[in-house]
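The values are calculated or read from the model by the stated rules, or taken from the named source; none is laboratory data. These numbers come from a predicted model, not from an experiment. Cβ: placed from backbone, ideal geometry, glycine included. Neighbour counts: every protein chain shown.
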Amino acid sequence: MSFTTPPRPLDVTALIPQLAPLARKATRLHPRPGSPSLHDSSVGGPLLWPADEPWPHCEGPHDSSAASGVTHSPDDIRLLRRIRAAAAEQRLRDPEAPTITPEELETEKELSMGRPWFDGPIPMLPVAQLYTRDVPLPSSPPGADLLQVLWCPFDHSAAHPRTALFWRSSVTVTDFLDAPPEPPVIQEGWYLPEPCLLAPEQITEYPNPTELSKELQDQLGDASRWETAGSGGATNCCVIRQ
Ligand SMILES: [Zn+2]
């Protein structure tokens, strides 16, 4: 698997010159499993958070009747992930071996019962922190070199998670929070990011075809333009647009 963007098989602006002025710089984050520190850019890693600043909470509303599955604590989810990762590794080492031990099966069974719903304010979860030395963020406020993103691990009426963004000057954070609060329960496991370090890559990208004029959409849809061009691969990755 390629972890960087392969060379483009063609110059799209040579085929469709009207796209050239629409080019923009973006950064693919390329999250990779690791153990990020407070001083790393990360997804799902610890945030460089001032000890004297309140941790953000979401006041909801959180609707238990709309929840589709059982809720787990963050530690439940981490335990489930460890068990499943160990089972997958065991299958790789020995296809004949049992994929899961009785103890692991019992743990999965216990956790499948879920945790009681929680109605109070929910501590938000770290999603990402990006240092501008790693990820250029031209919209950063003067003096800020760090963007922190958190979200609420419960569904809301909007189609996307409820987020909170904070800009900081990292040098001003000399006394940081060691153990931020965690939500007692999470509505869906995917709200808890796996800690990842980043391997940022600068790329050039163009607007989504649906953002283009009808004329440009027609040109892009003209298969004859692409007949000899082949197809370009792209990695699945988080992208920060500038
Ligand atoms: Zn919420």
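Miscellaneous remarks
- Being over 23 Å from the mean Cα position of the chain (by Cα) and either part of a loop (DSSP other than H, G, I, E, B) or closer than 19 Å to residue 150 by Cα (or both) holds for only one residue in 126, 95, and it is 95.
- Test: residue in the range 135-152 that is modelled with pLDDT under 95, surrounded by 12 or more Cβ atoms within 10 Å (Cβ to Cβ) and aromatic (Phe, Trp, Tyr): no
- Counting only residues that are under 18 Å from residue 190 (Cβ atoms), in contact with a Ser or Thr (Cβ under 6 Å, 6 or more places away or on another chain) and of a type outside the set (D, E, K, R), the range 107-118 holds 1 of them.
- Scanning the range 110-138 for residues that are in contact (Cβ under 8 Å) with a residue 60 or more places away in the chain and among the hydrophobic types (A, V, I, L, M, F, W, C) yields 117, 118, 122, 124, 125, 127, 128, 130, 135, 137.
- Among residues of the range 95-106, those that are surrounded by 10 or more Cβ atoms within 10 Å (Cβ to Cβ) and farther than 23 Å from residue 189 by Cα, counted: 2
- Positions within the range 187-218 being hydrophobic (A, V, I, L, M, F, W, C) and farther than 16 Å from residue 42 by Cβ, in sequence order: 190, 203, 212, 216
- Total residues in the range 49-65, condition near the ligand (Cβ under 8 Å from one of its atoms) and assigned to a strand (DSSP E or B): 1
- Whenever a residue of the range 139-155 is under 18 Å from residue 120 (Cα atoms), its partners that are within 16 Å of the ligand (Cβ to nearest atom) and among the charged types (D, E, K, R), lying with C-beta atoms within less than 6 angstrom and at least six residues away or across chains, give the pairs 152/162.
- Residues that are at pLDDT 85 or above and not in a helix (DSSP H, G or I), drawn from the range 66-75: 71, 72, 73
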